[in-house]
Number of protein chains: 2
Amino acid sequence: MISGVGDPRSALALDVGGTKLAAGVVDPGGRLLTWARTPTPAGIDAEQLWSTLDALFTSVIEKSGLEEAELAGVGCGCGGPMEWPAGRVSPLNLPTWLDFPLRERLTERLPGLPVRVHNDAICLAAAEHWRGAGRGRSNMLGMVVSTGVGGGLILDGKLVSGASGNAGHIGHIVVDTTDDGPACGCGGRGCAEAIARGPALVQWAQAQGWRPGQADATAKELADDAAHGHPAALAAMHRAGRALGLAIAGAASLCDLEVVTIGGGVSQAGPLLFDPLAETLRVHARLDFTRRLQVVPAALGQSAGLVGAAALILAADRYWIAD
Amino acid sequence: MISGVGDPRSALALDVGGTKLAAGVVDPGGRLLTWARTPTPAGIDAEQLWSTLDALFTSVIEKSGLEEAELAGVGCGCGGPMEWPAGRVSPLNLPTWLDFPLRERLTERLPGLPVRVHNDAICLAAAEHWRGAGRGRSNMLGMVVSTGVGGGLILDGKLVSGASGNAGHIGHIVVDTTDDGPACGCGGRGCAEAIARGPALVQWAQAQGWRPGQADATAKELADDAAHGHPAALAAMHRAGRALGLAIAGAASLCDLEVVTIGGGVSQAGPLLFDPLAETLRVHARLDFTRRLQVVPAALGQSAGLVGAAALILAADRYWIAD
C-alpha cells in the first residue's frame, strides 16, 4: 500500500454517473483540493465517454500542480452493477459502457498508481464515515435515496464488501410483504426502493391524485407540495418514510448499527421523510440495541462522491479489502 | 493471543443454556476431545448455578488429561442478552443470572487464561463457519430456528460483532409489514421470530384448528403432522418458511451473502420449511448476486455450541474482535 498516515500525497478521485462526470484531487485529510465536473455527454460510444473522462481528470491533475506519478493512487466511484474488484462496469445509467474495463483502462493510463473502483453508493457511505456524519462510529449504514435507494455498510470499523462487492443494498429489503407489493426494478416485489425511490414516489402520488397530468413531475415538487399540505403528496412522503424505516429497522437489528446516514435528493425533504421514518423505528426497532440507533442526514454535499472515491486509496485500511 | 496455527493446545468450551449446561475440550482442529453435559438445575440461586458449571468443566478438564494451565483459553457461549465484550450475562432463559459477571468469574477461576464469552447463537454461527456448512465461505449468515430465531454474521471472512456484540439478530427483520403483524417478544410487530419460532408456529396452527386443546403441543409434533398432510400444520410450516425467506432475502441483499446455514429444532422439519423458504427467495431475491445465495441445513449437531465457543479462542483471528 502506498498511502498511509502522515503520507503527504493526494489521490485522484473520480465519480462517474449518468448525469455528470466529476474528477478531483483529494488530500490525505479528505479535503478536495481541486475538482472539475462536466455533464455526461449523451449519444456517444464507449471510447468517446472514456476520452471525455480522461480529458476531465487530466485537466484536474494539471490544475492541482502535481505530477501524475506524485499521486497516491486513483479511486473511482461508478454506478453499478460492476464486476468487483475487477472494475468491469456496466452502469445502468450509462448503457454505453457495457462490461467496460474501467479499472484496467485507468491503470493503463496512469501506470504505477494503484487504481480502485467501487460502487458509487459505497463511495458515498465511505465518505460519510471517513469525513461526514458517521465519523468516529464503527457501525454505520450510509444510505442514498434518490432515483434509487442504495447504500454502503461499515461494520466493526471497516467497509463491508460482501461476496461480490455488493454489500449495502438496503433498497432491496422487502418492506411490503403482502403478495401485491409494488414491482421493483430488481424483478422482485415490495422492495424499499420500489416505494421510496424518487420516481416511485411521484408515480404513486400521481395515482392518488397529485398533479395527475404532469409528465415531468419531480420528487422535489412532490416534497414542496407536501410541505404545503397537499394530502396525496404528504401521504407519499409518509409511505416512503415508513418504507425506509422498516428497512432500517431490519438492518439495525441484523447488523447492530450505531448510525444511519441518509443523503440523496429525496432525503432533502427533511422531516417530511425523517418523521414517519422515526415513527416507524419507534414501532419496529425495539430491542435495547436498536433503540439506540441514530438516523441522521448525510453531512457532505456534492463532494461526497469524490471524497469517498479518494478514501478507497487514502484510507484503504478501512475502505478497501480486495486488490 | 495464545492460540494460533500449529499451536497444539486445546481450549475449554462452555455452552450455557436454559435447558442444559455443557463443557468440552476442543483441539485446535475443532474436534471435541471430551465433553460432558448436565440439565440446567431449576430453582437454584446464581452461586449454585455457577458451582454446577464449575464442577462440570472441572471434571471435563480432568477427563481430558490436561492441566488447566495447558489450555489455550476458555470460550463460552451463553444465552443473551449480555453486556459484550464484558461478558456480564442476563440470559432470558436463565433468570437466576441477572447481570452475572460470567467472564470475570471464569477469569478468576482459571487465572492466566484468556476468557471470551459471546452470544450462543453467535457461537453456533462461528461453528458452522469454522467447521460446518459454511466452511470456506467468506460471507455467511448462520441461523438458529428453535424457541427463538437468531443468528450470527460472518462477512469478509470475519465474525461481525456490531456496536454491542448483537450483530446477527435476523429474527427481528420485519416480515409482516401490515399494521397488524403478530406481536413479538422484542416489543415490535411482524418480526420473523414472531412467526417462525417454534412456540409461535404451534400457537398459530392451534388457532387454525390443529390439535386445538393440547396445551403441550410441540413444533416437532406440528412438523410430523404437516408431513402427514394436516392442512393447518402445513399452512403453519409454509407461513414460517415464507417468513424466514423474506428475512433471508433482505439479509442477502444487505450483506451480499454466499450462504445461509439453518439449524435448530424447527429446521429439522426439512423440506416442509425449506421449500416455502426457497419459493420466497425465488420471488424476492432477484438481484444477480442474491440469486446465487445458497440456503443449507446446519452441518454440525449438538456439539456445535461447544465447537463455536472454542472458536472464540482457537480461531480468534476470525471470530473474536474485542478484548
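The values are calculated or read from the model by the stated rules, or taken from the named source; none is laboratory data. Note that this is a predicted model, so its numbers are computed, not measured. Cβ: placed from backbone, ideal geometry, glycine included. Neighbour counts: every protein chain shown.
Tabulated results
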| quantity | calculated |
| --- | --- |
| Residue check for A:E279: over 22 Å from B:G190 (Cα atoms), within 14 Å of another protein chain (Cβ to nearest Cβ) and either polar (S, T, N, Q) or surrounded by fewer than 24 Cβ atoms within 10 Å (Cβ to Cβ) (or both) | no |
| Of all residues in the stretch A:83-95 being within 15 Å of A:L53 (Cβ to Cβ) and at pLDDT 95 or above, the one that is nearest to the other protein chains (Cβ to nearest Cβ) | A:V89 |
| Pairs where the first residue, in the stretch A:148-166, is more than 13 Å from A:T261 (Cα to Cα) and within 7 Å of chain B (Cβ to nearest Cβ) and the second is of a type in the set (A, V, I, L, M, F, W, C) and part of a strand (DSSP E or B), C-beta under 6 Å, 6+ apart | A:V160/A:L153; A:V160/B:L155 |
| Qualifying residue in the stretch A:255-266 (condition: within 14 Å of another protein chain (Cβ to nearest Cβ) and assigned to a helix (DSSP H, G or I)) | yes |
| Failed criterion for A:A249 (all others in (1) crowded, with 24+ Cβ neighbours inside 10 Å; (2) farther than 30 Å from B:G152 by Cβ; (3) assigned by TED's automatic domain parsing to the domain that holds A:R197 hold) | (2) |
| Within the stretch A:91-115, tally of residues that are among the polar types (S, T, N, Q) and either part of a loop (DSSP other than H, G, I, E, B) or crowded, with 21+ Cβ neighbours inside 10 Å (or both) | 2 |
| The lone exception for A:H118 - which of (1) away from chain B (no Cβ under 12 Å); (2) more than 21 Å from A:I195 (Cβ to Cβ); (3) not in a strand (DSSP E or B) it fails | (3) |
| Residue match in the stretch A:60-70 (condition: assigned by TED's automatic domain parsing to the domain that holds A:R109, under 22 Å from the mean Cα position of the chain (by Cα) and surrounded by 15 or more Cβ atoms within 10 Å (Cβ to Cβ)) | no |
| Qualifying residue in the stretch A:227-234 (condition: assigned to a loop (DSSP other than H, G, I, E, B), surrounded by fewer than 23 Cβ atoms within 10 Å (Cβ to Cβ), in the same structural domain as A:A167 (by TED's automatic domain parsing) and in contact with a Phe, Trp or Tyr (Cβ under 8 Å, 6 or more places away or on another chain)) | yes |
| Selection count where residues are part of a loop (DSSP other than H, G, I, E, B) and facing chain B (nearest Cβ under 7 Å), scope the stretch A:179-192 | 3 |
| Residues that are more than 7 Å from every other protein chain (Cβ to nearest Cβ) and buried (at least 22 other Cβ atoms within 10 Å of the Cβ), drawn from the stretch A:286-297 | A:T290, A:L293 |
| Some residue of the stretch A:41-62 being part of a loop (DSSP other than H, G, I, E, B) and under 28 Å from A:G168 (Cβ atoms) | no |
| Test: residue in the stretch B:193-210 that is within 21 Å of the chain's Cα centre (by Cα), part of a loop (DSSP other than H, G, I, E, B) and either of a type in the set (S, T, N, Q) or buried (at least 24 other Cβ atoms within 10 Å of the Cβ) (or both) | yes |
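Here is a yes/no grid of residues against (1) touching a Ser or Thr at 6+ places or on another chain (Cβ under 8 Å); (2) hydrophobic (A, V, I, L, M, F, W, C); (3) not assigned by TED's automatic domain parsing to the domain that holds B:V26:
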| site | (1), (2), (3) |
| --- | --- |
| B:R131 | no, no, yes |
| B:G142 | yes, no, yes |
| B:V145 | yes, yes, yes |
| B:G148 | no, no, yes |
| B:L153 | no, yes, yes |
| B:D156 | yes, no, yes |
| B:L159 | no, yes, yes |
| B:S164 | no, no, yes |
| B:A167 | yes, yes, yes |
